[in-house]
Amino acid sequence: MLKEFKEVYFSTFQEIFKDDLKYFLESLSLCLNSKTYYFDKLLWKEAESSLVIKKHLQALEINNKLNTRDYLLYTTDLMRPYTEEYEYLQSCLRIYK
């Protein structure tokens with residue numbers, strides 16, 4: 001009887017979950033996008049006060065452009081194209097275009 005009970009409840013759960021799955025994914029995506037956007041802004045704001053990061057960016061000659069997009073552009077310019085890491089960073093750059 002337990003198996004029959006599980007089958008009935010599991011099938012009902014699947015139907016409910018399938019209906020709500022799109023809503024859950026959209027809500028989660030919206031929350032994550034806003035959190036990552038503000039995290040990125042706060043990260044570079046804190047970077048302006050860090051001497052180590054400032055010196056590193058000055059050595060790279062990108063000290064006036066403290067943002068993720070310019071840092072990724074500079075990094076990918078130095079990399080060999082068609083490597084896994086290069087492709088990944090290029091996909092990250094698509095967000096900032």
Residue list for region 83-97, filter: free of Cβ contacts under 8 Å to residues at least 12 places away in the same chain and of a type outside the set (A, V, I, L, M): Thr83, Glu84, Glu85, Tyr86, Glu87, Tyr88, Ser91, Arg94, Lys97
Given (1) open to solvent by 90 Å² or more (accessible area, probe 1.4 Å); (2) more than 30 Å from Cys92 (Cα to Cα); (3) of a type outside the set (A, V, I, L, M), identify the lone condition not met by Thr12. (1)
Residues of region 61-75 satisfying the condition of being open to solvent by 70 Å² or more (accessible area, probe 1.4 Å) and not in a loop (DSSP other than H, G, I, E, B): Arg69, Tyr71
Considering Leu89, Leu25, Leu2, Leu32, which residue is touching a helix residue (DSSP H, G or I) at 6+ places or on another chain (Cβ under 7 Å) and among the hydrophobic types (A, V, I, L, M, F, W, C)? Leu89
Going through region 62-82 in order, the residues found to be touching a helix residue (DSSP H, G or I) at 6+ places or on another chain (Cβ under 7 Å) and either in contact (Cβ under 8 Å) with a residue 60 or more places away in the chain or among the basic types (Lys, Arg) (or both) are Arg69, Arg80
Restricting the search to region 73-87, which residues are more than 18 Å from Leu57 (Cβ to Cβ) and polar (S, T, N, Q)? Thr83
Region 76-95, residues that are over 20 Å from Tyr37 (Cβ atoms), open to solvent by less than 60 Å² (accessible area, probe 1.4 Å) and hydroxyl-bearing (Ser, Thr, Tyr): Thr76, Thr83, Tyr86
Condition check: modelled with pLDDT of 90 or more and either hydroxyl-bearing (Ser, Thr, Tyr) or touching a strand residue (DSSP E or B) at 6+ places or on another chain (Cβ under 8 Å) (or both). Does Tyr38 satisfy that? yes
Six or more apart or on different chains, Cβ atoms under 8 Å: show the pairs whose first residue is in region 22-49 and within 26 Å of Asp70 (Cβ to Cβ) and touching a residue at least 40 places away in the same chain (Cβ under 8 Å) and whose second is open to solvent by less than 90 Å² (accessible area, probe 1.4 Å) and among the β-branched types (Val, Ile, Thr). none
Identify all residues within region 1-55 that are more than 15 Å from the chain's Cα centre (by Cα), in a helix (DSSP H, G or I) and small (Gly, Ala, Ser); write none if there are none. Ser11, Ser27, Ala47
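The values are calculated or read from the model by the stated rules, or taken from the named source; none is laboratory data. On a predicted model such as this, the values are computed, not experimentally measured, just so you know. When we count neighbours, we look across all protein chains shown, and the Cβ atoms used for this are built from the backbone with ideal geometry, even at glycine. Protein only, heavy atoms only, side chains kept; ligands, DNA and RNA dropped before computing areas. Shrake-Rupley method; radii C 1.70, N 1.55, O 1.52, S 1.80 Å.
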